[in-house]
Amino acid sequence: MNKLFSNIFAFILALVVVVSLFYVSKNEILNYYAKPLQDSLQKTISLQNDLESGKIVVFGSSELVINPNQKFLPQNYFNNDLKLPLRIQGNEGQQSFAILSQLAAYHGETIKENAKVVILLSPSWFTGSNNNGTTLPKFLEFMYPGMMNKLYFQSEVDDSYKILINNYVKKNITYIKNPNFIYEYSFNELEEDYLNNEVKKFLIKSFDNRDINPPLVTYKNPMLDYESLKIQANKISTPSTNNSYGISNEYFTKHIEPSIKIGSFPYSIIVPSELDKNQEYQDLLVLLELLKSYKIKPLFVMQDLHPYVFEKNRDEMTAIITTIKSKIEENNYGYLDMWSYKKENYEIGTLTDIVHSGELGWVKVNQKIIEHFMPKEAK
Amino acid sequence: MKYFFRTFLIYLLLIIGFSFIIIDENIDDLSGQEVESTVEFVYEAF
């Protein structure tokens with residue numbers, strides 16, 4: 001009996017000593033053993049902090065990076081001219097599924113309470129073949145191991161989203177060069193391994209250096225005169241002299257003139273035959289579902305395809321745009337409709353080429369962002 | 001007392017060993033380097 005008691009006591013004491021030692025020297029031990037893990041997680045913190053602090057975060061694709069010197073580009077205009085903090089997230093090829101995955105990885109109470117999300121939708125995401133969703137290289141660019149770790153071991157998002165993302169990885173696993181642990185194992189396999197799962201959660205939590213209660217970013221309506229800004233936008237835009245569509249000279253010479261010569265102008269919009277098989281549309285629906293739990297309604301901006309250039313099959317594309325619009329508005333999310341339903345209504349200068357916003361287009365986007373997140377105070 | 005210290009030492013070593021194995025394995029799992037796709041992203045500039 002004495003031996004049994006002695007054993008139990010020795011075991012408990014040894015456990016206490018190990019736990020205490022680990023707790024006291026946790027940082028030293030983990031810093032020594034886990035530098036790559038720390039670096040990978042550190043990379044995730046900046047976007048998470050911005051979302052959790054209520055900074056406006058604009059998710060989009062190529063329009064955010066293709067003309068970085070535009071005055072009214074949101075990141076330039078808000079941060080430099082208005083001195084209002086705004087972050088952009090994305091580059092060419094980022095589409096609904098990549099955005100959904102990032103938001104799912106960060107999902108938690110603080111984000112649901114504070115996040116101010118703008119999503120710039122490009123009609124071109126929904127065109128092409130049925131299999132038109134986010135491509136694997138772009139998914140891996142935004143869902144690198146640190147983000148996948150957050151998704152599986154920290155995010156409070158419903159498991160259905162984790163499984164959906166895991167299924168995407170599984171479907172594409174043969175196209176991943178030397179996939180490491182986080183891509184190789186299925187979410188269910190990870191969940192079933194209870195002990196290791198809990199240790200991983202503990203490790204992620206230990207390395208999470210982010211500010212749990214970041215100072216909230218607040219905004220005040222800057223009370224702008226948008227008509228003057230639109231005039232200014234037209235003035236500062238480089239005028240088109242070789243075409244009447246408002247397309248930049250360089251772009252027109254390089255891309256449009258050759259098409260005219262070979263008789264493929266105006267362009268045709270290739271649209272998948274059935275909407276329920278349109279992968280991008282399906283991804284968008286899941287994204288809309290995820291955003292339902294956000295306290296501050298997100299803002300969606302549907303951009304345009306130049307109506308004088310993309311003339312053929314435009315009615316079919318308009319039907320898709322109309323369906324997307326109704327789905328977004330069903331959820332009472334903000335929506336800026338920049339799609340040209342009639343080409344006569346298109347304002348020259350809204351686009352700088354055939355798909356990307358010009359200065360005038362950005363003024364309209366900025367106006368909507370301000371109106372959506374910074375309503376004028378009632379007098 | 002001697003018996004107690006001996007068992008304490010054994011348990012201490014066992015727990016340290018087990019913790020080391022399990023933490024090391026999990027840090028290794030989580031520390032994966034960024035991976036690449038075998039298919040290349042082609043940006044269609046329209």
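The values are calculated or read from the model by the stated rules, or taken from the named source; none is laboratory data. These numbers were taken from a predicted model, which means no experiment stands behind them. Cβ coordinates were reconstructed from backbone atoms using ideal geometry, including for glycine residues, and neighbour counts include every protein chain displayed. With ligands, DNA and RNA removed, areas are computed over all heavy atoms of the protein, side chains included. Shrake-Rupley method; radii C 1.70, N 1.55, O 1.52, S 1.80 Å.
With both labels modelled 7 Å from their Cα along Cα-to-Cβ, the A:GLU274 to B:GLU44 distance reads 2.2 nm. Here, chain B has an Rg and a Dmax of 23.8, 82 Å when only alpha carbons are counted.
Residues in chain A average 47 Å² of solvent-accessible surface per residue, probe 1.4 Å, ligands and nucleic acids excluded. Residues whose amide H comes within less than 5 Å of that of A:PHE300, counting only those at least five positions distant or on another chain, are A:ILE119, A:GLY334, A:TYR335, A:LEU336 (H built at 1.01 Å from N in the peptide plane). Taking the three principal axes of the alpha carbon atoms in segment A:323-379, the coordinate ranges are 38, 28, 18 Å, sorted in descending order. On C-alpha positions alone, give me the angle between the axis of helix B:2-30 and the longest principal axis of chain B, in degrees, nearest 10. Long axis of B:2-30 versus the principal axis of chain B: about 0 degrees.
Charged side chains reduced to their Cβ positions (Lys and Arg at +1, Asp and Glu at -1) give segment A:221-335 a dipole of some 240 debye around its Cα centre.
A Förster distance of 30 Å, applied to the separation of the beta-carbon atoms of A:ILE163 and A:PHE22, puts the FRET efficiency at 0.35. Taking K and R as +1 and D and E as -1, what net charge do the other residues with C-beta under 11 Å from the C-beta of A:PHE72 add up to? That sum, taken over residues with Cβ under 11 Å, equals +1. In whole percent, and with a 1.4 Å probe on the protein chains, what portion of the accessible area of chain A is carbon and sulfur? Within chain A, the accessible surface is 53 percent carbon and sulfur. The A:ILE236 and B:GLU25 beta-carbon pair, evaluated with R₀ = 45 Å, returns a calculated FRET efficiency of approximately 0.20.
Rolling a 1.4 Å probe across all protein chains gives A:HIS255 an accessible area of roughly 60 Å².
The average projected area of segment A:184-302, computed from the convex hull of its Cα atoms over all directions, is 16.1 nm². The amide H of A:ILE270, built 1.01 Å from its N in the peptide plane, has A:GLY128 as neighbours under 5 Å, considering only residues 5 or more places off or on other chains. Of the accessible area of chain B, computed with a 1.4 Å probe over protein heavy atoms only, carbon and sulfur atoms account for 65 percent. Accessible surface for A:ASP39 stands near 80 Å², nearest 10, in the context of the full protein assembly shown (1.4 Å probe). Highest-first packing order for the peptide set A:107-118, A:76-87, A:53-64 is A:53-64, A:107-118, A:76-87, based on the mean count of other beta carbon atoms within 10 Å.
Checking the cross-link pairs A:LYS220/A:LYS297; A:LYS83/A:LYS230; A:LYS71/A:LYS254; A:LYS297/A:LYS364 against a 22 Å limit on the alpha carbon distance flags A:LYS71/A:LYS254 as lying beyond it. Legend: residues A:THR238, A:THR134, sorted from most to least accessible area (1.4 Å probe; ligands, DNA and RNA excluded), read A:THR238, A:THR134. Based on protein heavy atoms only, chain B ends up with 72 Å² per residue of surface accessible to a 1.4 Å probe. Maximal additional length on extending the A:SER264-A:ASN313 stretch stands at 16.3 nm, based on 0.36 nm per residue less the C-alpha distance. Inter-chain neighbour count for A:13-23: the average number of beta-carbon atoms from partner chains within 10 Å of each residue's beta-carbon is 4. Give the average over all directions of the projected area of the C-alpha convex hull of segment A:14-73, one decimal, in nm². The orientation-averaged projected area of the Cα hull of segment A:14-73 comes to 7.2 nm².
For A:LEU21, the solvent-accessible surface computed with a 1.4 Å probe is close to 100 Å², ligands and nucleic acids excluded. Residue by residue along B:3-11, Cβ atoms of other protein chains within 10 Å of the local Cβ number 6 on average.
For the pair A and B, the buried accessible area comes to roughly 3800 Å² in total, with a 1.4 Å probe and the value rounded to the nearest 100. For segment A:1-125, the alpha-carbon radius of gyration amounts to 1.72 times the rule-of-thumb value 2.2 N^0.38 Å expected for a compact globular protein. Screening chain A for DSSP H helices whose Cα atoms reach 30 Å or more along their own axis and whose mean Kyte hydropathy is at least 1.0 gives A:2-24.
The candidates A:ASP276, A:ASP283, arranged from most to least accessible area with a 1.4 Å probe in the full protein assembly, appear as A:ASP276, A:ASP283. Annotation: amide H of A:GLN89 within the under-5 Å range of A:VAL58, A:PHE59, A:GLY60, sequence separation 5 or more or interchain, hydrogens built in the peptide plane. Springs join every pair of Cα atoms under 10 Å in this Gaussian network model of chain A, and among A:ILE348, A:ILE236, A:ILE45 the largest mean-square fluctuation is at A:ILE236. The calculated FRET efficiency for the pair A:ASN332 and A:GLU289, based on their C-beta separation and a Förster distance of 22 Å, comes to about 0.95. Can you bin segment A:220-379 into rounded, prolate or oblate? Criterion: square roots of the alpha carbon gyration tensor eigenvalues sorted a ≥ b ≥ c, rounded for a/c under 1.5, prolate for a/b above b/c, oblate for the rest. It is oblate, given that a/c is not under 1.5 and a/b is not larger than b/c.
Divide the volume of the convex hull around the Cα atoms of the protein assembly as shown by the residue count and you get 180 Å³ per residue.
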